[in-house]
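As structure tokens, the structure follows; a few thoughts come after it.
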Amino acid sequence: MKKRMKWVAMAGAAVLALSLTACGSISLNLGSEKSRMEGYVQGYLDLTYLGKLNKDYQTEMELSEEEAQQQYEEGIQVEVEFFESGIGLIDYPTEEITQRLTELYKEIYSHSDYTVGAATKLDSGNYAVEVTVRPIDLMTKVTSDDFEKIFEQILADRGITTQEQLEALSEEEYQEIDAVYAEKIVDLLEKELPNTGNGEAETFTVQIEDDGNIWTPSQDDFNSIDLAMIDYSNFGY
């Protein structure tokens, strides 16, 4: 059991968001190299953030609709787990809370705003594809202080005002408090969801390397895009 004042851990939490899905390799001969590079990046982003499967991307990656849906769902789950452990600091996420967060993140990512530019062939023979992202701003409408106050109020309602009292709780008592806290912070995010917008544009470059018979996109470049897609700056990211 992790009994502690949540706001103490909130300040020290430092868990990087993982890329939603691992990128694959381009191997089939579909159109010109340039159009395939652009199509790959567009298809990857559309599937990762919108759950949209482009036909050319599906053919290029030899994905079934079921496999694509699984990749999308697994990616959303990674983000949900990141929120539970690194943003909300939910110690005992219930199935109900995880499901609510899953639906919430699907809705959040429906506000993704990105533009894939033209592919440029480099002197090395590799390609560079520029991507412009306008970060989703929902998480800028709440702060760690908001979450702290929610937790403090839940404790105060139960007469708990010190760390010692918190430590004295039974496992069952703490889980009950954690469940109420989780519900309230998700309530807060759902309330702010209609006000979701996008911030200032940021530009990234995805490099796609020629490995001989296979073109391999840089996962690090996609990770950089992923870190920017939702603005978590209010939480230290």
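The values are calculated or read from the model by the stated rules, or taken from the named source; none is laboratory data. Computed from a predicted structure; not experimentally measured. Here the Cβ positions follow ideal geometry from the backbone for every residue, glycine too, while neighbour counts run over all protein chains shown. Areas reflect the complete protein model, heavy atoms only, side chains present, ligands, DNA and RNA absent. Shrake-Rupley method; radii C 1.70, N 1.55, O 1.52, S 1.80 Å.
Observations on the structure shown:
- Scan the range 141-161 for residues that are open to solvent by 40 Å² or more (accessible area, probe 1.4 Å), touching a residue at least 12 places away in the same chain (Cβ under 8 Å) and more than 19 Å from Leu193 (Cα to Cα) and the total you get is 3.
- In the range 197-219, the residue that is farthest from Val131 (Cα to Cα) out of those that are modelled with pLDDT of 95 or more and either open to solvent by 40 Å² or more (accessible area, probe 1.4 Å) or within 15 Å of the chain's Cα centre (by Cα) (or both) is Asn198.
- Scope the range 43-92; condition open to solvent by 60 Å² or more (accessible area, probe 1.4 Å), part of a helix (DSSP H, G or I) and farther than 24 Å from Glu103 by Cβ; matching residues: Lys55, Asp56, Thr59
- For the range 138-166, taking the residues that are β-branched (Val, Ile, Thr) and modelled with pLDDT of 95 or more, the one that is nearest to Tyr109 (Cα to Cα) is identified as Thr140.
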